[in-house]
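One structure below.
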Amino acid sequence: MDSVARGSEDLKSKVIRAEENLRYLRGGNTFIDEGKILGMLESCRDASPQRVRDIIARSLEIKTLKPEETAALLNVKDSVLWEEIFDAAARIKRKVYDNRVVTFAPLYCSSLCVNNCAYCGFRGENSVIERRRLSITEVRKEAEMLAGELGHKRLVVVFGEHPSSGADYICRVMREIYSVKVKTRRGCGAIRRVNVNAAPMNEEDYKKVKDAGLGTYQVFQETYHPPAYSAVHPDWTVKGDYLWRLYSLHRAMAAGIDDVAIGALFGLYDWRFEVMGLLAHARDLEDFFGIGPHTVSFPRLEPAANTPFVKDSAYRVNDADFKKLVAVLRLSIPYAGMIVTCRESPNVIRQVIAMCTQRDASSRVGIGAYSERTQEQEEKIQQFILGDNRSLDEVIRELASLGYITSFCTAGYRCGRTGDNIMTMLKSGREGCFCKLNAVLTFQEWLDDFAGEDTRRIGEGLINREISEIEQRSPSDFSPEVVKAFKEYHRRIKNGERDFCF
Ligand code: SF4
């Protein structure tokens, strides 16, 4: 047995507690019934235009769709109906989240990994990758660069699966990042929200990371199709245990983490099956815990160093189908945030941004890549190759010129609007009101502290339009007291004060 396999076997015995999954099985079965999903995709092939429009109408009421409804949308052939679906997806996004786009950056902390996922540059047996784990001092340097130079307020910290990057290391990383404060042009830069993308844990470890200030916890199933899952995740690895991953977010919620994120890596199996899998996942979380995922991610396979699997996959998703899957996800789980990332090219992002709520920008996906490396040095340290390398300033300028306000707001979490609470507000459209105010305030902070001249000019124009809109909205959205407090906060931010929120 080689050292990668030995490491995985060791970790498996330490981490996996299969008994923690048992309470979620129904008659010994999981929420993914492969035969049933395939059967539904087959039997819902011929929905009439009226049936499709009825499904769209249900989704516009911010109702999670039933599997047979999503299957019907996935089978639409008529291009006119697809245009109606795209239009409805954009309307739902606006109804729930208004015109804001939240931005974040990934921070890769460790490329050491005992798994061997066929599609990943960091897989244990890929010898061309330079591997290491950031020291806590290096984590700080990265966070200082992100908060002080780039102006990010929200990170997703990413870890390979390895004994050296377990729950204790994750907790130290989070605490260090939250302690960073960097002087900026007019105020102070800080990371206010640390989301985590890390391997599934047991309940004991989840409690530790929750206590350290965990934001959203992401685990992507990669593929929901069990045979496709086994084909790319060797069974001798920790990740080879499909069930351990499938119920990772159930265990997280049982441990008290009420803000979780699901995702699939599109390109490992048929994209329609994966959409059905994501919906089944959201519905099962709703059934058990009364709340679904806060966000849904839909990364596509991207090339990585020495990783031939990617170009050989028979299930790669083209741009036209990508747009369709984003729209059907938007309609199927209408309350959820939807994250498009820099894996995609600027052009593809432009095609789907109206349906999405979050994107990353100025991202680097290598270890130490923000503070230590130039872009040319990155191939040997990154997990995959990015499609959008534009700076945060360029991205924000483009979003603003398209009428989207970039939000750096993290207030919802800090004011207790999470879990059950936020789900109710999202479904009723109330969260969008708080968010609009906070988006303007945090956008103003960013413009003052980080924006280039052109971005600032375009951004200020957008802020002025947003303020007029807030003033003209009905008192049931914004009472006169709230508008007054908002304008006062805005004035104080322009004078250099920071971190006001609703
Ligand atoms: S996808 Fe994650 S678990 Fe799999 S090899 Fe890459 S870093 Fe490791």
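The values are calculated or read from the model by the stated rules, or taken from the named source; none is laboratory data. Fair warning: this is a prediction, and the values are worked out from it, not measured in the lab. Because the Cβ atoms are built from the backbone with ideal geometry, glycine has one as well, and the counts that use them run over all protein chains shown.
In region 163-172, is there at least one residue being within 13 Å of the ligand (Cβ to nearest atom), over 26 Å from ILE405 (Cβ atoms) and buried (at least 21 other Cβ atoms within 10 Å of the Cβ)?
Within region 163-172, one or more residues are within 13 Å of the ligand (Cβ to nearest atom), over 26 Å from ILE405 (Cβ atoms) and buried (at least 21 other Cβ atoms within 10 Å of the Cβ).
Take the residues in region 470-484 that are touching a residue at least 12 places away in the same chain (Cβ under 8 Å) and part of a helix (DSSP H, G or I), then tell me which one is surrounded by the fewest Cβ atoms within 10 Å (Cβ to Cβ).
Per the criteria, the residue is GLU471.
Considering only residues that are farther than 11 Å from ARG251 by Cα and under 29 Å from the mean Cα position of the chain (by Cα), which ones fall in region 8-17?
Answer for region 8-17, where residues must be farther than 11 Å from ARG251 by Cα and under 29 Å from the mean Cα position of the chain (by Cα): SER8, LEU11, LYS12, LYS14, VAL15, ILE16.
Considering every residue within region 58-79, establish whether at least one is within 16 Å of the ligand (Cβ to nearest atom), under 25 Å from the mean Cα position of the chain (by Cα) and either touching a residue at least 12 places away in the same chain (Cβ under 8 Å) or crowded, with 20+ Cβ neighbours inside 10 Å (or both).
There is no residue in region 58-79 that is within 16 Å of the ligand (Cβ to nearest atom), under 25 Å from the mean Cα position of the chain (by Cα) and either touching a residue at least 12 places away in the same chain (Cβ under 8 Å) or crowded, with 20+ Cβ neighbours inside 10 Å (or both).
Those residues that are crowded, with 16+ Cβ neighbours inside 10 Å, farther than 21 Å from VAL260 by Cα and not hydrophobic (A, V, I, L, M, F, W, C), I need them from region 227-248; list them, please.
Listed by number, the residues that qualify are TYR229, HIS233, PRO234, THR237, GLY240.
Given the conditions (1) of a type in the set (Asp, Glu); (2) surrounded by fewer than 21 Cβ atoms within 10 Å (Cβ to Cβ); (3) modelled with pLDDT of 95 or more, which single one is not true for ASP10?
If we test ASP10 against (1) of a type in the set (Asp, Glu); (2) surrounded by fewer than 21 Cβ atoms within 10 Å (Cβ to Cβ); (3) modelled with pLDDT of 95 or more, just (3) comes out false.
Given the conditions (1) farther than 24 Å from TYR206 by Cα; (2) surrounded by fewer than 20 Cβ atoms within 10 Å (Cβ to Cβ), which single one is not true for TYR97?
Of everything listed in (1) farther than 24 Å from TYR206 by Cα; (2) surrounded by fewer than 20 Cβ atoms within 10 Å (Cβ to Cβ), TYR97 misses just condition (2).
Filter region 158-190 down to the residues that are of a type in the set (S, T, N, Q) and in contact (Cβ under 8 Å) with a residue 60 or more places away in the chain and list them by number.
Within region 158-190, just THR184 meets the criteria.
Is there a residue being in contact with an Asp or Glu (Cβ under 6 Å, 6 or more places away or on another chain) and modelled with pLDDT under 95 anywhere in region 406-421? Spell out how you get there, then give the answer.
Step one: filter region 406-421 for residues in contact with an Asp or Glu (Cβ under 6 Å, 6 or more places away or on another chain), giving 418-419.
From what is left, the residues that are modelled with pLDDT under 95 are 418-419.
Yes, some residue in region 406-421 is in contact with an Asp or Glu (Cβ under 6 Å, 6 or more places away or on another chain) and modelled with pLDDT under 95.
Considering only residues of region 113-136 that are more than 10 Å from the ligand (Cβ to nearest atom) and either among the polar types (S, T, N, Q) or closer than 19 Å to THR223 by Cα (or both), which is surrounded by the most Cβ atoms within 10 Å (Cβ to Cβ)?
SER135
Can you confirm whether GLY151 is within 20 Å of the chain's Cα centre (by Cα), modelled with pLDDT under 95 and within 30 Å of ILE493 (Cα to Cα)?
yes
Residue by residue through region 204-263, note down the ones that are among the hydrophobic types (A, V, I, L, M, F, W, C), away from the ligand (no atom under 14 Å from the Cβ) and within 20 Å of ASP10 (Cα to Cα).
Within region 204-263, just LEU243 meets the criteria.
Would you call LEU22 under 27 Å from the mean Cα position of the chain (by Cα) and at pLDDT below 95?
It is false that LEU22 is under 27 Å from the mean Cα position of the chain (by Cα) and at pLDDT below 95.
Starting from region 105-127, keep only residues that are within 18 Å of HIS233 (Cβ to Cβ), then list their pairs with residues that are within 7 Å of the ligand (Cβ to nearest atom) and not in a loop (DSSP other than H, G, I, E, B) whose Cβ atoms are within a distance under 6 Å, requiring at least 6 positions of separation or different chains.
From residues that are within 18 Å of HIS233 (Cβ to Cβ), the pairs are ASN115/LYS239.
What are the pairs with Cβ atoms under 8 angstrom where one residue, in region 324-339, is on the phi > 0 side of the Ramachandran plot and the other, located anywhere, is of a type in the set (Phe, Trp, Tyr) and modelled with pLDDT under 95? Sequence gap at least six, or different chains.
Sorted first by the residue in region 324-339, then by its partner, the list stays empty.
So which of TYR217, TYR269, TYR224 ends up being in contact (Cβ under 8 Å) with a residue 24 or more places away in the chain and either farther than 26 Å from LEU41 by Cβ or surrounded by fewer than 24 Cβ atoms within 10 Å (Cβ to Cβ) (or both)?
TYR217
In the list GLU398, GLU376, which residue meets the criterion of being in a helix (DSSP H, G or I) and modelled with pLDDT of 95 or more?
Details: GLU376 fails: modelled with pLDDT of 95 or more.
Result: GLU398 is the single residue among GLU398, GLU376 that is in a helix (DSSP H, G or I) and modelled with pLDDT of 95 or more.
Just one of the numbered conditions (1) in contact with a helix residue (DSSP H, G or I) (Cβ under 9 Å, 6 or more places away or on another chain); (2) within 12 Å of the ligand (Cβ to nearest atom) is not true of ASN197; which one?
(1)
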